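Heads up, the thing below is written out as structure tokens.
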Amino acid sequence: MLALSLGIAGVQAQVPAEVTDVMDKCRAAMTNAAGVEYEMDVKAGMGPLSVKIHFVVADKGDLNRSMSTTKIMGVDVVTESGFDGTDTWKIDRSSKGDTITFTHGNNRKKSKGDLWLDLDKKYNKAKMKLKDGYYEISFSEPKDKDNEIKSATIKVQEKNYILREMRSGARGAKVTMTVTKMRVGLKDNYFKLDLSKYPNAVVIRN
């Protein structure tokens, strides 16, 4: 039993305490009860093929809204959805016009790795270095053996512990996420969809 306990402790200790400390401060910096909005650019590619997506993501408790813009064949494809405290709403855009669907309750499926703030809890190993004002942390050996992302690297700003960049890859695909803006302090009505901006939309309530 003692040998087993020592073995488990050895695995857990592979993520250095200084990495956990930086990640704890990063989690605190990137969340706020008053509400936080991020803008980020994501580039995903495999070989010569790549796609760029611009995200705007906002959260305040259970309230949330997000918008993504992807350029496909030179055309911006925009998707937008949110939860306003009562209903989940989603805007579907097409050449025929907009359709807005309201569904009662919060139907958001939280991303498995929102902003990648819990990497120190998901991987067994980590290495960190301080370079050009950023903590650069590389994670490896995922605790979940089925995790296709075997390694990931993030950059955390030294002066304020804001997450600025994440890089990862799986099955030959590479993803780079860069946080470009962050805003703290959001009013509850920010999460309500202003229907006056969509006078010609078809509105569906479930």
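Among (1) out of contact with any Phe, Trp or Tyr (no Cβ under 8 Å at 6 or more places or on another chain); (2) outside any helix (DSSP H, G or I); (3) among the β-branched types (Val, Ile, Thr), which single condition is Thr20 missing?
Only one criterion is unmet by Thr20, namely (2).
Please enumerate the residues belonging to region 71-93 that are in contact with a strand residue (DSSP E or B) (Cβ under 9 Å, 6 or more places away or on another chain), surrounded by fewer than 18 Cβ atoms within 10 Å (Cβ to Cβ) and assigned to a loop (DSSP other than H, G, I, E, B).
Within region 71-93, Gly85, Thr86 meet the criteria.
Starting from region 21-39, keep only residues that are at positive phi and in contact (Cβ under 8 Å) with a residue 24 or more places away in the chain, then list their pairs with residues that are of a type in the set (A, V, I, L, M, F, W, C) and surrounded by 15 or more Cβ atoms within 10 Å (Cβ to Cβ) whose Cβ atoms are within a distance under 8 Å, requiring at least 6 positions of separation or different chains.
Qualifying pairs under 8 Å: Gly35/Ala58; Gly35/Leu63; Gly35/Leu186.
Out of Ser168, Ser111, Ser138, I need the residue that is modelled with pLDDT under 95, in contact with a strand residue (DSSP E or B) (Cβ under 6 Å, 6 or more places away or on another chain) and among the hydroxyl-bearing types (Ser, Thr, Tyr). Which one?
Selected residue: Ser168, the only one of Ser168, Ser111, Ser138 that is modelled with pLDDT under 95, in contact with a strand residue (DSSP E or B) (Cβ under 6 Å, 6 or more places away or on another chain) and among the hydroxyl-bearing types (Ser, Thr, Tyr).
Search region 137-182 for residues being loosely packed, with under 13 Cβ neighbours inside 10 Å and charged (D, E, K, R), and hand back the single one that is nearest to the chain's Cα centre (by Cα).
If we take residues in region 137-182 being loosely packed, with under 13 Cβ neighbours inside 10 Å and charged (D, E, K, R), then Lys181 is nearest to the chain's Cα centre (by Cα).
Which one of Lys52, Lys96 is surrounded by fewer than 14 Cβ atoms within 10 Å (Cβ to Cβ), of a type in the set (Lys, Arg) and over 23 Å from Val203 (Cβ atoms)? First the steps, then the outcome.
Numbers: Lys96 fails: over 23 Å from Val203 (Cβ atoms).
Matching residue, one of Lys52, Lys96: Lys52.
Considering only residues that are among the basic types (Lys, Arg) and part of a loop (DSSP other than H, G, I, E, B), look in region 186-206 and name the one that is surrounded by the most Cβ atoms within 10 Å (Cβ to Cβ).
Per the criteria, the residue is Lys192.
So the check is Cβ under 7 Å with 6+ separation or different chains; which pairs have a first residue in region 132-159 that's within 14 Å of Asp21 (Cα to Cα) and a second one that's outside any strand (DSSP E or B) and among the acidic types (Asp, Glu)?
So the pair list comes out as Tyr135/Glu158.
The values are calculated or read from the model by the stated rules, or taken from the named source; none is laboratory data. Small disclaimer: the values here were computed from a predicted structure and weren't measured. Positions of Cβ are generated from backbone atoms using ideal geometry, with glycine treated the same way; all protein chains shown enter the neighbour counts.
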